[in-house]
Amino acid sequence: MAALLGNPGREYERTRHNIGFMLADLAAERLARGVKWRDWKGLGLYLEFEAAGRRVYLLKPQTYMNLSGAAVQSLAGFYKIPPSGVLAAYDDLALPFGKLRMRKGGSAGSHNGMASVISSVGQELPRLRLGIGPRPANIPGKNFVLSAFSKEEGGRLADFLDRACTALKDAFEDGVENAMNRCNYDGDKPVS
């Protein structure tokens, strides 16, 4: 299962905070190939498809970012998916724009949506952090994440999302450990 975090509503569609939803839509198009999003108990939109002979679920929580955990817990609980089987993908200010970082566990950092997911399903769930930084010092974090990508970032966004979609596909097909080894590799050196 992948929980791809963002905020519902047109006003948030193209903001940095919604890069998880952008990834969800691309993954639905490329990996689920025409499967339609369905309502999950008013908490989110989900779809299911096969990858490497396994059933995979994508979830876009519709509870707003800071309450994402309720939707994740509900879907994961219904399908009896343990925390280790829930991959959360979300925007991360601590990483430069375009950087991907996959981990098997850890803290939420300053991300309230991820904090909600951890509070609801546990800390040891894999995550795919999608770099949207750095934040200019003169712009508060909330304002920055709720703003649109710059023109320069917009020009690189398709490639960034393509690489993130490949990381998701790798996790579904080859497992998180193998996907991490590929995703966290930067040129000639592994990314810590």
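Values in this text are rule-based calculations from the coordinates and carry no lab data. Bear in mind the structure is a predicted one, so any value in this text is a computation, not a measurement. Virtual Cβ from ideal backbone geometry, glycine too; neighbours counted across all protein chains shown.
Numbers at a glance
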quantity: Extreme residue, farthest from Asn178 (Cα to Cα), among residues of the stretch 128-164 that are of a type in the set (Asp, Glu) and touching a helix residue (DSSP H, G or I) at 6+ places or on another chain (Cβ under 9 Å); calculated: Glu153
quantity: Pair list, Cβ under 8 Å, 6 or more apart: the stretch 158-171 residue part of a helix (DSSP H, G or I), other residue of a type in the set (Lys, Arg); calculated: Cys165/Arg30; Ala167/Arg182; Lys169/Arg30; Asp170/Arg182
quantity: Residue match in the stretch 108-124 (condition: in contact with an Asp or Glu (Cβ under 6 Å, 6 or more places away or on another chain) and either within 20 Å of Ala24 (Cα to Cα) or of a type in the set (Asp, Glu) (or both)); calculated: no
quantity: Tyr57 being in contact with a strand residue (DSSP E or B) (Cβ under 9 Å, 6 or more places away or on another chain) and of a type outside the set (A, V, I, L, M, F, W, C); calculated: yes
quantity: Residue among Leu58, Leu93, Leu75 that alone is under 23 Å from Val176 (Cα atoms) and within 12 Å of the chain's Cα centre (by Cα); calculated: Leu58
quantity: Count - residues of the stretch 50-79 that are free of Cβ contacts under 8 Å to residues at least 40 places away in the same chain and either among the aliphatic types (A, V, I, L, M) or loosely packed, with under 15 Cβ neighbours inside 10 Å (or both); calculated: 5
quantity: Boolean, Leu47 is touching a strand residue (DSSP E or B) at 6+ places or on another chain (Cβ under 6 Å) and crowded, with 22+ Cβ neighbours inside 10 Å; calculated: no
quantity: Test: residue in the stretch 82-97 that is touching a Phe, Trp or Tyr at 6+ places or on another chain (Cβ under 8 Å) and surrounded by 13 or more Cβ atoms within 10 Å (Cβ to Cβ); calculated: yes
quantity: Residues satisfying the stated conditions in the stretch 52-70, i.e. farther than 10 Å from Ser116 by Cα and either of a type in the set (A, V, I, L, M, F, W, C) or part of a helix (DSSP H, G or I) (or both); calculated: Ala52, Val56, Leu58, Leu59
quantity: Filter pass, Gly131 being part of a loop (DSSP other than H, G, I, E, B), in contact (Cβ under 8 Å) with a residue 12 or more places away in the chain and either closer than 19 Å to Ala3 by Cβ or in contact with a Lys or Arg (Cβ under 8 Å, 6 or more places away or on another chain) (or both); calculated: no
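Conditions (1) touching a Pro at 6+ places or on another chain (Cβ under 7 Å); (2) hydrophobic (A, V, I, L, M, F, W, C); (3) part of a helix (DSSP H, G or I), marked per residue:
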position	(1), (2), (3)
Glu50	no, no, no
Ile81	no, yes, no
Ala94	no, yes, no
Gly98	no, no, no
Ser116	no, no, yes
